[in-house]
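The values are calculated or read from the model by the stated rules, or taken from the named source; none is laboratory data. Quick caveat: nothing in here was measured; it's all calculated off a predicted structure. Neighbour counts run over all protein chains shown; Cβ positions are idealised from the backbone, glycine included.
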Amino acid sequence: MSCEREEVFREIDVMARRIQEKSKVDIREQMIGDLYRDAEEIAGAVVTVEVDKEHSIEKRIDDMVLSRRFGYPLMILLLGTVFWLTIIGANIPSAWLGEILFEMVAAIDKGLVWLGTTQWLHHMVVYGILQCLAWVVAVMLPPMAIFFTLFTLLEEWGYLPRVALSLDHLFYRCRACGKQALTMCMGFGCNAAGVVSCRIIDSPRERILAMVTNAFVPCNGRFPTLLLLATLIVGGMNGAGGSDILVTAVITGIVLMGVAATFLVSRALADTMLKGEPSTMILELPPYRMPQLRSVLYRSLWERTRIVLLRAVCVAAPAGVVIWLLAQTTVGDISLLTMLADILDPFARELGLDGAILLAFILGIPANEIVLPILLMIYLATGQMTEVESVREIGHIFSAQGWDILTLINVSIFCLFHWPCATTLLSVYQESRSIKWTLVAFLLPTIIGMGICFLTAQGAKLFIAT
């Protein structure tokens, strides 16, 4: 059935392209315009609408929200507000949850000692699995819960469908579907969830397009690292003097870079590997309504946060074992973790990074949340996941390793543009049933991220040399 459906969409694409080439008319825009005009004429002839005050207010709001003059600034303002609330709201719960979880890990540690567990098994369970899981849950749960709740509030209020309608013409210029705006928004919470949500797109070509570009927007797992980097960029290596507003502005700017890349890459793919005409999106806008708190909490916390967190935990547990083994296995006096970082260092330096940074991102494929603790583990040579008390302390560690403003910028770029996590790649494969498109989803952000970092690093070297 799916093969027949895809064949029908391909035939429609070919027919639309031929008609458009001969008539020199934008068939899609003409179809949408005719449909809306016919609907308005029929409704005007048979329906009498009593314009009340509430309807008039909704129309005024829509005139502003859907206009290109006010709609886009409002969109960016709301996006920044969501990030700001997530940043402000997640700091204390993350610290509180981290303290509780690491105290639980310490209690289990003592319990295993009391039971006389074999030392290697004891250390692998505590310092490999449990500390890795504690990091992932403490860092990921509070901001994800806040973000998904805010996201669901906007959805329940009726704003997100209007975002899709506002961005439809931009995605159309990229030969993509306007519904990709909704899947892109979902990707801010979790790219894996964003990939799964691509099911709302009917056209197989446009669905693939949305899936392989979803990772260009940063997910919840990358926000803690981006937040730290933005704080150090604004406040210097000691993290002092940077206001939350400025940090939010930096993060919003980074996110907008990801959105711009989504448009550019979508158009490039539509002109090469995924040629075809964009499908028509006709969207009935729901009325503005007061969100129901029970529904918002259920959908955001139970349906979204719980599922994504469980996936991340299932992937992070075995990753913790691998990382612990690499840290504990030594050749001479050097651990495999340090040795791998040294091997990667010459290549990483050309990208304005270092071997430890690149290795941390590679080992962070299972879950983006563990990139930072892996990096600290390599720098501090502790052999286990390390909890650092403050941003200032992390800044001092980075500074001692030779970091400067260029390093912060390049790590921020690479954090935005690098391979998707394992959960996202698995979701792409499950949804597309194609190794080819899974590989494309892996390579696209990786090549772009490395390319931008290389140009930035080499450009800085030339500037300094001159």
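Identify, by number, the condition in (1) closer than 24 Å to Asn91 by Cβ; (2) among the aliphatic types (A, V, I, L, M); (3) crowded, with 20+ Cβ neighbours inside 10 Å that Leu380 doesn't meet.
Leu380 satisfies all of (1) closer than 24 Å to Asn91 by Cβ; (2) among the aliphatic types (A, V, I, L, M); (3) crowded, with 20+ Cβ neighbours inside 10 Å except (3).
Could you tell me whether Ala39 is within 30 Å of Tyr127 (Cα to Cα) and modelled with pLDDT of 70 or more? Reasoning before the result, please.
On the way: within 30 Å of Tyr127 (Cα to Cα): no; modelled with pLDDT of 70 or more: yes.
So Ala39 fails the test.
Could you pull out every one of the helices (runs of 4 or more DSSP H) wholly within the range 288-354 that has 2 or more residues that are over 27 Å from Thr423 (Cα atoms)? Full working, then the answer.
Details: elements: 293-297, 306-328, 336-350.
In the range 288-354, 293-297, 336-350 are the helices (runs of 4 or more DSSP H) which contain 2 or more residues that are over 27 Å from Thr423 (Cα atoms).
Tell me yes or no: at least one residue of the range 447-464 is of a type outside the set (Ser, Thr, Tyr) and either in contact with a Pro (Cβ under 8 Å, 6 or more places away or on another chain) or not in a helix (DSSP H, G or I) (or both). Write out each step before concluding.
Step one: filter the range 447-464 for residues of a type outside the set (Ser, Thr, Tyr), giving 447-455, 457-464.
With the extra rule that they be either in contact with a Pro (Cβ under 8 Å, 6 or more places away or on another chain) or not in a helix (DSSP H, G or I) (or both), the set shrinks to none.
Scanning the range 447-464 turns up no residue that is of a type outside the set (Ser, Thr, Tyr) and either in contact with a Pro (Cβ under 8 Å, 6 or more places away or on another chain) or not in a helix (DSSP H, G or I) (or both).
Checking Ala260 against (1) hydrophobic (A, V, I, L, M, F, W, C); (2) surrounded by fewer than 17 Cβ atoms within 10 Å (Cβ to Cβ); (3) touching a residue at least 60 places away in the same chain (Cβ under 8 Å): exactly one of these is not met. Which one?
Ala260 satisfies every listed condition except (3).
Hey, could you check the range 284-339 for residues that are of a type in the set (S, T, N, Q) and free of Cβ contacts under 8 Å to residues at least 40 places away in the same chain and say which is nearest to Phe151 (Cα to Cα)?
Quick first cut of the range 284-339, residues of a type in the set (S, T, N, Q) only: 292, 295, 300, 305, 328-330, 335, 338.
Subset that is free of Cβ contacts under 8 Å to residues at least 40 places away in the same chain: 329-330.
On the way: Thr329: 44, Thr330: 46 Å.
Result: Thr329.
Out of curiosity, is Gln292 surrounded by fewer than 20 Cβ atoms within 10 Å (Cβ to Cβ) and within 23 Å of Ile370 (Cα to Cα)? Lay out the reasoning, then the answer.
Working: surrounded by fewer than 20 Cβ atoms within 10 Å (Cβ to Cβ): yes; within 23 Å of Ile370 (Cα to Cα): no.
Here the answer is no, as Gln292 does not meet what is asked.
Tell me, yes or no, whether the range 391-399 has at least one residue that is part of a helix (DSSP H, G or I), among the β-branched types (Val, Ile, Thr) and without any contact (Cβ under 8 Å) to a residue 12 or more places away in the chain. Even if it seems obvious, please write down each step before you answer.
Step one: filter the range 391-399 for residues part of a helix (DSSP H, G or I), giving 391-399.
In the following step, the residues that additionally are among the β-branched types (Val, Ile, Thr) were identified as 391, 394, 397.
Filter once more, so that each one left must be without any contact (Cβ under 8 Å) to a residue 12 or more places away in the chain: none.
No, the range 391-399 contains no residue that is part of a helix (DSSP H, G or I), among the β-branched types (Val, Ile, Thr) and without any contact (Cβ under 8 Å) to a residue 12 or more places away in the chain.
For the range 380-404, give me each residue that is over 26 Å from the mean Cα position of the chain (by Cα) and at pLDDT 85 or above.
If the condition is that a residue be over 26 Å from the mean Cα position of the chain (by Cα) and at pLDDT 85 or above, then His396, Ile397, Ser399, Ala400, Gln401, Gly402 are the ones that fit.
Please pick out the residue among Thr117, Thr149 that is among the polar types (S, T, N, Q) and in contact with a Leu (Cβ under 8 Å, 6 or more places away or on another chain). Don't jump to the end; show me each part of the working.
Details: Thr117 fails: in contact with a Leu (Cβ under 8 Å, 6 or more places away or on another chain).
Being among the polar types (S, T, N, Q) and in contact with a Leu (Cβ under 8 Å, 6 or more places away or on another chain) holds for just one of Thr117, Thr149, which is Thr149.
From Ile92, Ile108, Ile87, grab the single residue that is more than 30 Å from Ala176 (Cα to Cα), surrounded by 11 or more Cβ atoms within 10 Å (Cβ to Cβ), within 36 Å of the chain's Cα centre (by Cα) and at pLDDT below 85.
Ile87
Hey, among the residues in the range 442-466 that are free of Cβ contacts under 8 Å to residues at least 40 places away in the same chain and in contact with a Leu (Cβ under 8 Å, 6 or more places away or on another chain), which one's farthest from Val212 (Cα to Cα)? I'd like the intermediate steps shown before the answer.
Initial filter on the range 442-466 (free of Cβ contacts under 8 Å to residues at least 40 places away in the same chain): 442-443, 446-447, 449, 451-452, 455, 459, 461-466.
So of that shortlist, the ones also in contact with a Leu (Cβ under 8 Å, 6 or more places away or on another chain) come out as 442, 449.
Numbers: Phe442: 8, Gly449: 15 Å.
My answer is Gly449.
Return the residues of the range 169-220 that are acidic (Asp, Glu) and surrounded by fewer than 21 Cβ atoms within 10 Å (Cβ to Cβ); say none if nothing qualifies.
Correct list: Asp202 only.
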